[in-house]
Amino acid sequence: MKKYIAEFIGTFTLVLIGCGTAMLVGCDAANGCGYILTALAFGLTIVGMAYCVGNISGCHINPAVSLGVLMSGGMTSKDFIGYVISQCLGAFAGSGVLALIWSLGGVQDMTGGYGSNGLAGVGGSAVAGLLVECLLTFIFVLTILGVTSKKANHGSFGGIVIGFTLVLVHILGIGLTGTSVNPARSFGPALVALFAGNSDPIASLWVFIVGPLAGAALAALCYKYLESADK
């Protein structure tokens, strides 16, 4: 149960800080600093949580990462289900708190949907969105599997490597899909936006579930092949 609580806290914090920053600064291509601030918010949250709850749950805080770990033999199916439920609940809670703060404070949401993901940057194309999310998640999860491998020798710097890889994929992905690479991170804001009367994010939510999970599965298969070839 402590692992699940840790995953809830980690995902809650990721959505609160990452999506909250996006809501404050916006992600307009004409304002590049918004890109960088949002990318750093997501990446640095991962760094912080890696050293906070990493020793308890591994700090997946992302169903796609959990799928990659599951396929690599690093966790049981029971734990995978528990992790995903905890992550989705944490993301929903984080988005709910953001909605409360923005409502009470009368703050303008610069994203229009609590930091939810969308397909506007790819012209509304679900296929393009799937491709972007699959590729970015592939890079992110492959990095995680490499950094956390028993053969890796990164000492205590693994969390930093993973966090800045998330920054990296955000820099490209924000202008295209808002960068999910995390189904829970997409689920929370989309559901809260739906409750607020905005159904647009929920309509394309499937892209940000299927794309990241497919990318994570490919990363797990690729890493298993590379590791077996090395042996």
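Bear in mind these aren't lab numbers, they're just calculated from the coordinates by the rules spelled out. Treat the numbers as computed from the prediction; the structure is a model and nothing was measured. Every residue, glycine as well, gets a Cβ built from its backbone with ideal geometry; the counts of neighbours run over all protein chains shown.
When segment 57-83 is filtered for residues that are closer than 10 Å to THR11 by Cβ and part of a helix (DSSP H, G or I), the ones remaining, listed by number, are PRO63, TYR83. Looking only at residues in segment 103-122 that are among the hydroxyl-bearing types (Ser, Thr, Tyr) and not in a helix (DSSP H, G or I), the one that is nearest to the chain's Cα centre (by Cα) is SER116.
Residues are listed down the side, and each one gets a yes or a no for (1) in contact with a helix residue (DSSP H, G or I) (Cβ under 6 Å, 6 or more places away or on another chain); (2) buried (at least 16 other Cβ atoms within 10 Å of the Cβ); (3) among the small types (Gly, Ala, Ser):
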| residue | (1), (2), (3) |
| --- | --- |
| ASN55 | no, no, no |
| ILE85 | no, no, no |
| GLY113 | yes, yes, yes |
| THR148 | no, yes, no |
| ILE162 | yes, yes, no |
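Within segment 141-161, is there a residue that is polar (S, T, N, Q), touching a Gly at 6+ places or on another chain (Cβ under 9 Å) and farther than 21 Å from GLY74 by Cβ? No.
Can you find a residue in segment 220-231 that is within 13 Å of the chain's Cα centre (by Cα) and either crowded, with 18+ Cβ neighbours inside 10 Å or more than 13 Å from VAL65 (Cβ to Cβ) (or both)? Within segment 220-231, not a single residue is within 13 Å of the chain's Cα centre (by Cα) and either crowded, with 18+ Cβ neighbours inside 10 Å or more than 13 Å from VAL65 (Cβ to Cβ) (or both). Exactly one residue out of ILE61, ILE5, ILE85 is of a type in the set (A, V, I, L, M), on the phi > 0 side of the Ramachandran plot and in contact (Cβ under 8 Å) with a residue 24 or more places away in the chain: that is ILE61.
The requirement of being of a type in the set (Asp, Glu) and closer than 23 Å to ILE202 by Cβ is not satisfied by ASP79.
Just checking, which of LEU131, LEU100 is in a helix (DSSP H, G or I), free of Cβ contacts under 8 Å to residues at least 60 places away in the same chain, out of contact with any Asp or Glu (no Cβ under 6 Å at 6 or more places or on another chain) and surrounded by fewer than 19 Cβ atoms within 10 Å (Cβ to Cβ)?
On the way: LEU131 fails: free of Cβ contacts under 8 Å to residues at least 60 places away in the same chain.
Only one candidate qualifies: LEU100.
Taking first residues from segment 156-172 that are more than 19 Å from GLY34 (Cβ to Cβ) and partners that are surrounded by fewer than 17 Cβ atoms within 10 Å (Cβ to Cβ) and of a type in the set (Ser, Thr, Tyr), the Cβ contacts under 7 Å between residues at least 6 apart in sequence or on separate chains come to GLY159/TYR51.
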